[in-house]
Amino acid sequence: MLRITHREESKLTGWYFEIDRNLLGMILLLVAVGAITMITAGSAEAARMGQPWFYFIKKAFLPYSLGLVCLFGFSMLKKEQIIKISVVGLIVGICALLFTFIHPMRINGSLRWVNINGIRFMPADILKPFFIIITAWFLSRMHKIYGGDIFLNKDAWRAKWQSWWPYLLVFLICVALIFKHPDVGTAALYFGVLFVMLFVAGFPWKFMPAMFGAVVAMAVAAITFMPHIRSRAAHIFDIVPRTQAWYSINSIKHGGLFGSGDEAFVKDVLPESTNDFVYSSIAEDWGAIGACALVVLLFFVLNKLISHATSARDDFVVYALAGAAAVFGGQICFNLMTALHLVIDKGMTLPFISYGGVSFITFCILFGMVLALIREDTWNR
């Protein structure tokens with residue numbers, strides 16, 4: 001039997017003993033659940049599309065392979081390497097975001113897509129891990145320059161390169177472009193992630209109403225100026241028969257306590273059963289017990305992130321883990337509330353579970369970075 005010992009000096013053995021294997025194991029378990037769901041629900045969705053039953057399996061092979069390579073590869077990097085890669089990733093993501101307005105690809109009324117040689121992706125997805133890392137670096141850098149109070153210090157607000165203005169200008173431009181697509185859900189998610197990171201960095205309580213007001217203003221603007229948002233908001237408390245929400249609720253009900261297995265009608269009629277409404281597919285296939293077990297697993301991953309954030313020594317790591325927890329928890333809430341018809345469907349994936357090539361790779365990159373930062377912070381004390 002092969003047994004690795006800590007006395008064997010190599011980069012691989014060092015990584016094996018220093019990595020948070022519990023967190024890595026839970027992530028891989030989520031990936032396995034997503035793969036199983038893609039096979040079970042995806043085969044029926046492929047049949048509706050007139051494709052062979054293995055259509056989604058074939059499409060997912062490359063992104064799943066790349067995602068797992070990114071997960072393990074990024075987890076072996078050092079903090080300096082992660083920051084440098086994030087700078088490049090942020091620039092590429094912003095350029096791709098601008099490209100959506102130069103050469104837009106419209107899908108379901110949204111211009112948030114880019115198509116390069118048949119590969120379709122959302123730049124707003126690509127930006128997430130790099131936005132979190134660069135924001136964490138920026139906040140830690142601001143603390144080193146201006147001390148503990150980076151929000152009320154007048155020098156931090158002067159017109160110079162290392163101040164709030166360059167960061168906020170880039171952030172607001174990017175969020176405005178995402179909002180213009182329109183992609184209100186993702187824009188709100190970015191605001192939420194930034195709010196959490198600022199709060200952890202010591203954002204004054206007296207400014208909380210202003211932050212909340214900005215979010216409310218964005219919601220009012222979306223309802224006022226975007227007809228499709230206004231239409232959906234008007235029926236948020238109504239479940240119209242034969243709509244996505246109606247199918248989703250009935251799929252969850254049909255699963256019962258132990259699941260309906262092969263009798264699940266979700267495989268035949270529910271739209272987006274491998275993506276936006278993947279949780280409804282799981283609830284019908286595996287029942288309430290299986291669906292709740294998945295929520296518990298997601299909660300354990302989130303709890304791990306928060307636990308490491310509270311015990312980290314490096315401020316940069318604290319902010320990065322807080323941002324990762326915010327985007328991970330935010331997308332879980334969006335997706336589950338969509339399945340339960342508690343919010344408007346905005347196409348938010350369930351991390352590691354929903355089928356989606358670039359979205360899956362993005363979360364693998366993010367958690368690969370998280371594992372690397374946790375490893376370095378823990379073992380370099």
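Please tell me if A217 is surrounded by fewer than 19 Cβ atoms within 10 Å (Cβ to Cβ), within 24 Å of the chain's Cα centre (by Cα) and farther than 29 Å from F363 by Cα. Spelling it out, A217 is indeed surrounded by fewer than 19 Cβ atoms within 10 Å (Cβ to Cβ), within 24 Å of the chain's Cα centre (by Cα) and farther than 29 Å from F363 by Cα. Taking every residue in region 43-63 that is in contact (Cβ under 8 Å) with a residue 24 or more places away in the chain and pairing it with any residue that is outside any helix (DSSP H, G or I) and surrounded by 19 or more Cβ atoms within 10 Å (Cβ to Cβ), at least 6 positions away or on another chain, the pairs with Cβ-Cβ distances below 6 Å are E45/S273; E45/T274. The number of residues in region 148-161 being surrounded by 15 or more Cβ atoms within 10 Å (Cβ to Cβ) and either touching a residue at least 12 places away in the same chain (Cβ under 8 Å) or of a type in the set (D, E) (or both) comes to 3. A count restricted to region 156-194 and to residues that are closer than 17 Å to R141 by Cβ and of a type in the set (S, T, Y) stands at 2.
When the test is whether a residue is touching a Gly at 6+ places or on another chain (Cβ under 7 Å), under 20 Å from P182 (Cβ atoms) and at pLDDT 90 or above, G368 does not pass it. Filter region 42-64 down to the residues that are farther than 21 Å from F121 by Cβ and surrounded by fewer than 19 Cβ atoms within 10 Å (Cβ to Cβ) and list them by number. Residues satisfying the conditions are S43, A47, R48, G50, P52, W53, F54. Of all residues in region 284-318, those being among the basic types (K, R) and buried (at least 17 other Cβ atoms within 10 Å of the Cβ) number 1.
Of all the residues that make up region 1-48, how many are at pLDDT below 80, touching a Lys or Arg at 6+ places or on another chain (Cβ under 6 Å) and part of a loop (DSSP other than H, G, I, E, B)? Here the count works out to 0. On inspection, A187 qualifies as among the small types (G, A, S), part of a helix (DSSP H, G or I), modelled with pLDDT of 80 or more and surrounded by 15 or more Cβ atoms within 10 Å (Cβ to Cβ). Just one of the listed residues (G357, G287) is touching a Phe, Trp or Tyr at 6+ places or on another chain (Cβ under 6 Å) and more than 19 Å from F131 (Cβ to Cβ), and it is G287.
The values are calculated or read from the model by the stated rules, or taken from the named source; none is laboratory data. Small disclaimer: the values here were computed from a predicted structure and weren't measured. Positions of Cβ are generated from backbone atoms using ideal geometry, with glycine treated the same way; all protein chains shown enter the neighbour counts.
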